[in-house]
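These notes are about the structure you will find just below.
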Amino acid sequence: MRAISRAIDRFCQKHRGFGVPRLMLFIVLISAAVYLISSVTGGDFVSNLLFHPPSIMRGQVWRLFTWIFVPTGGNIFFVAIALYFYYFIGSTLEREWGTAKFTVYYLFGILVNLVYGLIVWIISGSSPIVVPIYLNLSMLFAFATIFPDFTVRLFLIIPIKIKWLAWLNAAFFAFTIILGVINGQIFEALLPIVAILNYVLICGYDLMSYIRPITLQRSPQVVNFKKAAKQVKRDLADKPYRHKCAVCGKTDIDSPELEFRYCSRCNGYHCFCIEHINNHIHFE
């Protein structure tokens, strides 16, 4: 898991131009348009956008992608809140990770859903209801892993920390799985699990680093952060700058407008500019 996560980070660092800037904004706007059009024209319009392998095999290839724009049913108030929530979480993740990594995250989520849907159709002959709700809600797990104490207002009223909202989300996923198993809808019950594979792949190592007690980490890579900081200060005593980014080499002298931070997860005491503190390969 860690090796795959690092490989994705390396790919994103080498191909910074990869991806779709403001991807979640486009998805939300198109989803809102689909909802409004379907409200006027009825269900026939939406039915032509859903994932349906037999129709795809007959040439309706747009169904491979258009299903992600079909919002979950409900009145316009709840749909609007859900779309805004997806936009907020997605755009924040893009700012934190960068466009390339967020695009990889979302595209991989689409891909695993498509592969699963096609496999189920080949095995059983039936088409599972592949919907975007689980994929979009998987972003909440990623957001809560990075910003566990961030406070949001549930239904625009109730303040709640994002980590507790993620636990409610996990309970919803578990309830959906259990209900599907009870009703004998095994393939549908597995959809929430398939939808979080992108989260497990990209954020699994970060999640384990949060939940694993630091006192149990007996690896020789554990660093005395204060001692390492003092050593670095001694090493920099005769240099003309105080901070230098370990990725791009910028210093507080040639770029005084930049902020610099030190990563506590790297092995040693390494400085990064604000552009790379959350977008670098950790030193080991």
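The values are calculated or read from the model by the stated rules, or taken from the named source; none is laboratory data. None of these values were measured; they are calculated from a predicted model. Neighbour counts are summed over all protein chains in view; Cβ atoms, including those assigned to glycine, are modelled from backbone coordinates with ideal geometry.
Here are the numbers for the structure shown:
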item: Residue among Ile68, Ile133, Ile110, Ile76 that is in contact (Cβ under 8 Å) with a residue 24 or more places away in the chain, exposed (fewer than 14 other Cβ atoms within 10 Å of the Cβ) and of a type in the set (A, V, I, L, M); result: Ile76
item: Cβ-Cβ under 9 Å pairs, at least 6 apart or on other chains, segment 141-164 side within 21 Å of Ala80 (Cβ to Cβ), far side polar (S, T, N, Q); result: Phe143/Thr92; Pro159/Thr151; Ile160/Thr151; Ile162/Thr151
item: Conditions (1) in contact (Cβ under 8 Å) with a residue 24 or more places away in the chain; (2) assigned to a helix (DSSP H, G or I); (3) surrounded by 17 or more Cβ atoms within 10 Å (Cβ to Cβ); number of the one not met by Gly180; result: (1)
item: Selected residue (criterion: nearest to Cys248 (Cα to Cα)) from residues of segment 23-47 that are in contact (Cβ under 8 Å) with a residue 40 or more places away in the chain and of a type in the set (Gly, Ala, Ser); result: Ser31
item: Which numbered condition Asp44 misses (of (1) closer than 29 Å to Trp121 by Cβ; (2) part of a loop (DSSP other than H, G, I, E, B)); result: (2)
item: Every pair of residues 6+ apart whose Cβ atoms lie under 6 Å, when the first sits in segment 11-22 and is assigned by TED's automatic domain parsing to the domain that holds Ser91 while the second is outside any loop (DSSP other than H, G, I, E, B) and of a type in the set (D, E, K, R); result: Cys12/Lys101
item: Residue that is surrounded by the fewest Cβ atoms within 10 Å (Cβ to Cβ) [pool: residues in segment 50-59 that are without any contact (Cβ under 8 Å) to a residue 24 or more places away in the chain and over 29 Å from the mean Cα position of the chain (by Cα)]; result: Gly59
item: Search result, residues across segment 54-89 that are over 18 Å from Trp121 (Cα atoms), in a loop (DSSP other than H, G, I, E, B) and aliphatic (A, V, I, L, M); result: Val70
item: Subset of segment 136-166 that is exposed (fewer than 12 other Cβ atoms within 10 Å of the Cβ) and out of contact with any Lys or Arg (no Cβ under 7 Å at 6 or more places or on another chain) - its residue that is farthest from Val79 (Cα to Cα); result: Ile158
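Yes/no per residue for (1) in contact with a strand residue (DSSP E or B) (Cβ under 9 Å, 6 or more places away or on another chain); (2) among the hydrophobic types (A, V, I, L, M, F, W, C); (3) crowded, with 16+ Cβ neighbours inside 10 Å:
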residue	(1), (2), (3)
Ile8	no, yes, yes
Phe11	no, yes, no
Leu29	no, yes, no
Ala32	no, yes, yes
Leu36	no, yes, no
Asn48	no, no, no
